[in-house]
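Q: This is the structure I have questions about; it appears just below.
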Amino acid sequence: MEHTHCLIIGSGPAGFTAAIYTGRADLHPLVYEGMQPGGQLTITTEIENFPGYPEGISGTDMMADLRKQALRFGAEVRTGYIVEADLSARPFHLTDDHGNIIEADTVVIATGASAKWIGLDSEKKFYGQGVSACATCDGYFYKNQEVLVVGGGDTACEEANYLSTLCSKVYLVHRRDELRASKSMQHKVLSNPKIEMLWSSRIHEICGDDLDGVTGVEVEDIKTGSLRHIDLSGVFVAIGHKPNTDFLKGQVELDEQGYIKVNSPHAATNIPGVFAAGDVCDPHYRQAIVAAGKGCTAAMDVERFLQNN
């Protein structure tokens, strides 16, 4: 069994920012990279809205920069992920995928949230080449082009409305014959002349090639089984996210959507000494810059907690 003052679970913007700050505080944090080292940014297109990169940067390169900075300040970054956590008493005991047990005075949970996908092979093939789960992140690349959004809740409607400010036309595909979004959000979508509703429909196939990425979709009418081909450049899947908290087994208090509850504006959870940052506790923004800021918050909360306990 090994001991650390601060165990950080996750290596996205929140995790590495927490590592930078706790490293500079001489806490020598231990970071587990998780099942997706670098987080979701490593599989996105070019990032143009993160401050400090005026020419834009790939998600992989940006996360490599954050990793180097964390290492510079004494963080230990370890390949692997946490499979089990006992948070019933301090110091906490956490087990990684190799069976190693880590004894930690504090824990920062920065495991993020995974987008829910339709499940098509073509969806996987064109992810990052026309298929996205974040209109705010990638919508700018489709200015004056036609795109499609999948979903029927508030998130899908928000994505469609946002894209309509950039794109020439937005199709919104929903499996039912009415939206699940709030009434006000439904009104915004249904009264928007740039949004065309495709009711009782689903994506049958995403079309494209290796050179151009997505070039169109085939949409199936669920009631009749008929197919309609639509030429377009981008597909935005907005059917929800799942916070990556299974390993906690309900030890930390979650909201009705499964996101970790924090004592905002702080990063403290209901368990003293356990903090959360990034998408794992943020159902609203899901932006790298917000996650990085919350990683800073978590790290400063960790330092103050250790000073007082």
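The values are calculated or read from the model by the stated rules, or taken from the named source; none is laboratory data. Keep in mind the model is a prediction, meaning the values are calculated, not measured. Counting neighbours? That spans all protein chains shown, and the Cβs are built from the backbone with ideal geometry, glycine included.
Q: Can you find, within the range 236-253, the residue that is farthest from Met300 (Cα to Cα) among those that are hydrophobic (A, V, I, L, M, F, W, C) and more than 17 Å from the chain's Cα centre (by Cα)?
A: Going through the qualifying residues, I end up with Phe247.
Q: Also: Taking the conditions exactly as written (part of a loop (DSSP other than H, G, I, E, B), among the hydrophobic types (A, V, I, L, M, F, W, C) and under 24 Å from the mean Cα position of the chain (by Cα)), does Val262 satisfy them or not?
A: Answer is yes for this residue.
Q: Just checking: which of the strands (runs of 3 or more DSSP E) contained wholly in the range 135-227 hold 3 or more residues that are modelled with pLDDT of 95 or more and not hydrophobic (A, V, I, L, M, F, W, C)?
A: Those strands (runs of 3 or more DSSP E) span 201-209, 213-221.
Q: Quick check: anything in the range 101-117 over 22 Å from His284 (Cα atoms), out of contact with any strand residue (DSSP E or B) (no Cβ under 6 Å at 6 or more places or on another chain) and part of a loop (DSSP other than H, G, I, E, B)?
A: Scanning the range 101-117, I find no residue that is over 22 Å from His284 (Cα atoms), out of contact with any strand residue (DSSP E or B) (no Cβ under 6 Å at 6 or more places or on another chain) and part of a loop (DSSP other than H, G, I, E, B), so the answer is no.
Q: Phe16: touching a helix residue (DSSP H, G or I) at 6+ places or on another chain (Cβ under 8 Å) and surrounded by 15 or more Cβ atoms within 10 Å (Cβ to Cβ), yes or no?
A: Criteria met by Phe16.
Q: Further, regarding this structure: Which residue out of Val189, Val149, Val170 is in contact (Cβ under 8 Å) with a residue 40 or more places away in the chain and of a type in the set (A, V, I, L, M, F, W, C)?
A: Val149
Q: Identify all residues within the range 173-190 that are loosely packed, with under 12 Cβ neighbours inside 10 Å and polar (S, T, N, Q); write none if there are none.
A: Listed by number, the list holds a single entry, Ser184.
Q: Still on this structure: For the list (1) more than 23 Å from Thr136 (Cα to Cα); (2) assigned to a loop (DSSP other than H, G, I, E, B); (3) touching a helix residue (DSSP H, G or I) at 6+ places or on another chain (Cβ under 7 Å), I need the number of the one condition that Glu256 fails.
A: Single failed check for Glu256: (3).
Q: Then there is this: Is it the case, given these coordinates, that Ile289 is under 15 Å from the mean Cα position of the chain (by Cα) and part of a loop (DSSP other than H, G, I, E, B)?
A: No: the conditions fail for Ile289.
Q: I need the full set of residues from the range 17-62 which are among the aliphatic types (A, V, I, L, M), under 25 Å from Ala115 (Cα atoms) and not in a helix (DSSP H, G or I), in order please.
A: Val31, Met35, Ile47, Ile57
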